[in-house]
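What follows is a set of notes on a single structure, which appears directly below.
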Amino acid sequence: MAETAAGALWYRRLVLALLLAPALLWLLALIVLPHFDLALLSFRARVAPREYVASLAQYRSFFGEPLYWHVFVRTALLSAFATALTLLVAFPIAWIIAKLARGRMSALLFVVCLIPFWVSETVRTLGWMILLRESGVLPALLVHLGITAQPVELLYHDATILVGLVYTSLLFMVVPLVGSLESLDNSLIEAAYDLGGKGWPILRTIVIPHAAPGITAGCIVVFMLTLGNYLTPTLLGGKNSLWFTEQIYAQFITRFNWEQGAAFGFLLLALSTAMVWLGLKASGQRFSDVMRRV
Amino acid sequence: MSTGAAAAPDLEVSAVTKRFAAHVAVNEVSFSVARGSFFSILGPSGCGKTTLLRMIAGFIQPDGGGIAIGGRDMRNVPPNKRPVNMVFQHLALFPMMSVGENVAFGLARRGVGRAERTRRAEAMLERVGLAGAASKRTDELSGGQRQRVAIARSLVLEPTLLLLDEPLGALDLKLREHMKVELKQLQSAFGTTFVYITHDQSEALVLSDRVGVMNHGRFEQLGSPQELYYSPATSFVAGFVGANNRLTGTVLAQDGALVEFDAGGGLHLRVRANAAFTRGAAVDAFIRPEAMTLARTPAELPPGQSALSGEVTDMLFDGANSVVLLREAHSRRELRIALPQTGAFADLRAGARICFGFDPGRAICFPGTHG
Amino acid sequence: MIPSLPRPAWLRAATALYVGAFLLFLFLPLAIVAVFAFNNAPYPAPPWHGFTLDWFLGNEAEGRIGLFRDSELLGSIWTSCSVALWVTGLSVAVGTANAFLMEREQFPGKGILSMLMLTPLVIPGVILGISILAFASRLADLCTELFGIEADFLRPGLPLVVLGQFSYIAAIATLTISARLKRFDRSLEDAALNLGASHAAVLWHITLPYLRPAIIGSAAIAFLMSFENFNTTLMLVGSDAPLTIMMYGRMREGATPVLNAVSLFLMTASAVLALTLMRRGKRQQS
């Protein structure tokens, strides 16, 4: 009897070890150690070929060189703006899907909203380029309609970058919003209306508090994806895009200055993490619950 | 709290109709509810009572007919402009607000100042027995307390009419019994006109001054609980309100208010009728369990009752509601008869033979709905 | 606001207008890409020069290399596919193991581990890429220094691309499969054991079939995310470029409509995949 009990225990430990191994390997070898190494890399400076010392030089140069931190702040602000715009564009369609359209219509509209996101971001950006560039469809249309005399360049503006970012982020806002609005019982809205509430007070006092977890989840994910986006700003913004991920790429791949690139990477990671943390704090939610909504 | 006929009706529904595609959910329903009274709409699920209630509230537009509340026609008046508030089926308390904020919500929408609405919300909570609960979260309350908050939230706006959409449906049996009493007391304390819908006949009977029994989108009968119980107007009402024995048969003869019919197997019964029958017509007869008398011998039956006999199939002991199930000797129909409170027949067992009878004046029949 | 409340006519009109504008915004770029795949002109730009299939079928002799003759593009599609297959296999396997680990096992540090499993989702892809690039290069240098071995698979190239994509797609697979395993009624397993099944048989006949929809769903998502990944791949790519990187390079140079052709091809493939999955989902529900 004791022998089988010991055997069963041994068996359970073996199962646990076999299940733990891939998880630990994945997280340690691909997430924890590389980021630890990246941190080390960012805190050293090269003094001679193959000779390094611990130093804050990389971070000092970030704060010392206005271009670097200007681009950083610009990226953060534009990302926040793009997140707010995405919320504004996505909320009405999420409301229509969750509350106004019925049955099949609602499901159909939802699927239709998801379809573009099954296609690669590269393809979607190509579409915007063909639409907006000087020789593209919209400038030609503007000339044709007599609105402008000459084709105008619609690419390479901040507004273009924002359009592209909002477009790319919509899905990640619509899905959590629809989820949280669907779970709002219609009778709560009817009750509020019955008690004399009108559109805006109901939105403010009933709908937004109820949908807050979905709104937070959407905003966190959209902000993070926007901040870390590379493709859309570089292609739609061209040389004027000044996006921080470009700086990272330039340091790492073009200039081969890995120490500087690592410091930039860490700053971006710090900003992204800080915003996630702030969003969670502001809405009083747990990280794991938010991630499950998206 | 009176149902004085002199008072103008608070609610006047005339020939209201609502169709959903080919289905007629509410079919030319008319009734009026007197000021300060408790009116119930009773019917099985799918009978159209929820649609009717939501039309009164303004959430659904009727296809025809009119609704007037407090003497004012409600056509094209949106729900939030009607002097009506609603207690929703699952109460719809706002989980994102405290109890006090829930009660003060409507006042805030009317632009009542913060201090004033807090005072009024707290006063209202005190009236419904929830003094000091204003700062609680809604999920900290018991089922009964939640219901009182839902009612307080509406009554604080002093509506002409309070609509209640089966608010007791989600509660367990024991709480439901308790809340029935509480609801009745609240209504008489406030004197507000209540319109209540339910599928539970006992709720309707206990609570209401008047009840409309609804089936297939129509009112089958409109009356006091006593009228529904003792003088049902249709066979649906007789079967739906209170326990009843239903016997089908064919008419043999009619003698004024009494009809004699054949219930099968040579069993001939005489019951009260409220219509003229021809010989051979199908008939539905209803005899309440408590209208029947048990006896050991035919001689023990009250005079004037013809003696019937049957074999006991089961005893269902339920305190004051105990019944005996028996199979009538000729027709082999199963009948349910109330046991007298004296305990005189407590020793009956399955298989025993017993006599029974009933007063034809307390039984009633309607034209048959069967083939 | 909701159908049971009155909505004024202007609000209904505004709603319809909004839906129309929203759908136009969503589909205009895709429609434009598709249309210009057939334009008989060397650049994907107006005006319309007539219909042609050159950008699919053309060969060098005509001066227009169509998609099906463009060995570079075809090669990158194949590269993307093989990377995606590896990533899918790894992610689903590790995701399934993780689901069992997190839903069934108890061990110290479980809370930290479950938190850690979600972090790849909030790390920007570019940073995942550079951290793995730097770490792998350091390991490779260490190998050379200590053992004199060239560890080529640790240098930028497809193996690193696979690892980089896997590092966050595994988190998505874990979430999806765990969510389903959590809803599993364990009494089914008890019943099977009670009927004499071995633990292995229970796993094979009861638990895994129950997880199948989640496994298939996460496999499809993993494949798609890998195929479309750009940020992480950009940092780790070597000489063999997957399709997104190849397209990006050509788009910067000013591309011919062959990119539209390959885009249309991708859209069709995605649509087929999406429809198949939705069909499956609907069947499962009914």
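Do we have any residue at all in the stretch C:109-129 that's β-branched (Val, Ile, Thr), at negative phi, more than 8 Å from chain A (Cβ to nearest Cβ) and outside any loop (DSSP other than H, G, I, E, B)?
Yes, the conditions are met somewhere in the stretch C:109-129.
When A:Asp185, A:Asp289 are checked against the criterion of being among the charged types (D, E, K, R) and modelled with pLDDT under 90, A:Asp289 stands alone in meeting it.
Remark: pairs (first residue in the stretch B:255-267, within 14 Å of B:Arg362 (Cα to Cα) and assigned by TED's automatic domain parsing to the domain that holds B:Phe356; second residue outside any strand (DSSP E or B) and basic (Lys, Arg); Cβ separation under 7 Å; 6+ apart in sequence or on different chains) are absent. Of the residues making up the stretch C:35-43, one or more are away from chain A (no Cβ under 12 Å), farther than 30 Å from C:Leu163 by Cβ and in contact with a strand residue (DSSP E or B) (Cβ under 9 Å, 6 or more places away or on another chain). Remark: pairs (first residue in the stretch A:171-198, facing another protein chain (nearest Cβ under 10 Å) and surrounded by 21 or more Cβ atoms within 10 Å (Cβ to Cβ); second residue of a type outside the set (A, V, I, L, M, F, W, C) and not in a helix (DSSP H, G or I); Cβ separation under 8 Å; 6+ apart in sequence or on different chains) = A:Glu190/C:Ser4; A:Asp194/B:Asn85; A:Leu195/B:Asn85.
Which of the residues that make up the stretch A:171-224 are hydrophobic (A, V, I, L, M, F, W, C) and in contact with a Lys or Arg (Cβ under 6 Å, 6 or more places away or on another chain)?
A:Ala217
Listed by position, the strands (runs of 3 or more DSSP E) contained in the stretch B:310-371 that have at least 3 residues being more than 31 Å from the chain's Cα centre (by Cα) are B:353-358. May I ask you to verify whether C:Leu146 is more than 28 Å from the chain's Cα centre (by Cα), modelled with pLDDT under 95 and more than 11 Å from chain A (Cβ to nearest Cβ)? So C:Leu146 fits the description; yes.
Listed here are the residues, each with its yes/no results for (1) in contact (Cβ under 8 Å) with a residue 40 or more places away in the chain; (2) outside any helix (DSSP H, G or I).
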position	(1), (2)
C:Val92	yes, no
C:Asn98	yes, no
C:Leu142	no, no
C:Glu150	no, yes
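Given (1) surrounded by fewer than 17 Cβ atoms within 10 Å (Cβ to Cβ); (2) touching an Asp or Glu at 6+ places or on another chain (Cβ under 9 Å), identify the lone condition not met by B:Pro79. Result: B:Pro79 fails condition (1) only.
Among the strands (runs of 3 or more DSSP E) confined to the stretch B:197-309, the ones with at least 3 residues that are under 29 Å from B:Ser30 (Cα atoms) and either in contact with a Phe, Trp or Tyr (Cβ under 8 Å, 6 or more places away or on another chain) or not β-branched (Val, Ile, Thr) (or both) are located at B:210-215, B:218-223, B:282-287.
Given the criterion under 30 Å from C:Ser71 (Cα atoms), under 17 Å from the mean Cα position of the chain (by Cα), more than 10 Å from every other protein chain (Cβ to nearest Cβ) and not in a helix (DSSP H, G or I), identify the matching residue among C:Ala222, C:Ala241.
Unique residue meeting the criteria: C:Ala241.
Take the stretch B:120-141 and flag every residue that is more than 9 Å from B:Val103 (Cβ to Cβ), of a type in the set (Gly, Ala, Ser) and not in a helix (DSSP H, G or I). Correct list: B:Gly129, B:Ala131, B:Gly132, B:Ala133, B:Ser135.
Look at the stretch C:1-34 and say how many of its residues are part of a loop (DSSP other than H, G, I, E, B) and more than 7 Å from every other protein chain (Cβ to nearest Cβ).
The qualifying residues number 2.
Scanning the stretch C:51-86 for residues that are of a type in the set (Val, Ile, Thr) and in contact (Cβ under 8 Å) with a residue 60 or more places away in the chain turns up C:Ile65, C:Ile77, C:Thr79, C:Val83. Of the residues C:Thr256, C:Thr207, which single one is of a type outside the set (Phe, Trp, Tyr), under 30 Å from C:Thr52 (Cα atoms) and more than 10 Å from chain A (Cβ to nearest Cβ)? Just a single option satisfies the conditions, and that option is C:Thr256.
Please verify whether A:Ala84 is within 12 Å of another protein chain (Cβ to nearest Cβ), part of a helix (DSSP H, G or I), within 19 Å of A:Ser180 (Cα to Cα) and within 21 Å of the chain's Cα centre (by Cα), treating the condition exactly as stated. Can you show your working first?
Numbers: within 12 Å of another protein chain (Cβ to nearest Cβ): no; part of a helix (DSSP H, G or I): yes; within 19 Å of A:Ser180 (Cα to Cα): yes; within 21 Å of the chain's Cα centre (by Cα): yes.
Considered against the rule, which asks whether it is within 12 Å of another protein chain (Cβ to nearest Cβ), part of a helix (DSSP H, G or I), within 19 Å of A:Ser180 (Cα to Cα) and within 21 Å of the chain's Cα centre (by Cα), A:Ala84 comes out as no.
Within the stretch A:238-256, one or more residues are charged (D, E, K, R), farther than 17 Å from A:Phe72 by Cβ and either in a loop (DSSP other than H, G, I, E, B) or away from chain C (no Cβ under 12 Å) (or both). For the stretch B:151-168, the criterion of being crowded, with 18+ Cβ neighbours inside 10 Å and away from chain A (no Cβ under 14 Å) is met by at least one residue. In the set A:Tyr52, A:Tyr11, only one residue is within 13 Å of chain C (Cβ to nearest Cβ), over 30 Å from C:Pro108 (Cβ atoms) and either surrounded by fewer than 16 Cβ atoms within 10 Å (Cβ to Cβ) or of a type in the set (D, E, K, R) (or both); that residue is A:Tyr52. In this entry, A:Arg255 passes the filter for residues that are closer than 28 Å to C:Arg250 by Cα and among the basic types (Lys, Arg). C:His49 meets each of the listed conditions (1) within 13 Å of another protein chain (Cβ to nearest Cβ); (2) not in a helix (DSSP H, G or I) apart from (1).
To keep it simple, each residue is scored yes or no on (1) within 17 Å of C:Thr96 (Cβ to Cβ); (2) more than 8 Å from chain A (Cβ to nearest Cβ); (3) among the acidic types (Asp, Glu).
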| site | (1), (2), (3) |
| --- | --- |
| C:Ser131 | no, no, no |
| C:Glu150 | no, yes, yes |
| C:Phe153 | no, yes, no |
| C:Pro159 | no, yes, no |
| C:Leu163 | no, no, no |
| C:Ile169 | yes, yes, no |
| C:Arg180 | yes, yes, no |
| C:Ala197 | no, yes, no |
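Filtering the stretch C:61-103 to residues that are of a type in the set (Val, Ile, Thr) and under 30 Å from A:Val15 (Cβ atoms) leaves C:Val87, C:Thr88, C:Val92, C:Val94, C:Thr96.
The values are calculated or read from the model by the stated rules, or taken from the named source; none is laboratory data. Computed from a predicted structure; not experimentally measured. Ideal geometry is used to build each Cβ from the backbone, glycine not excepted, and the neighbour counts take in all protein chains shown.
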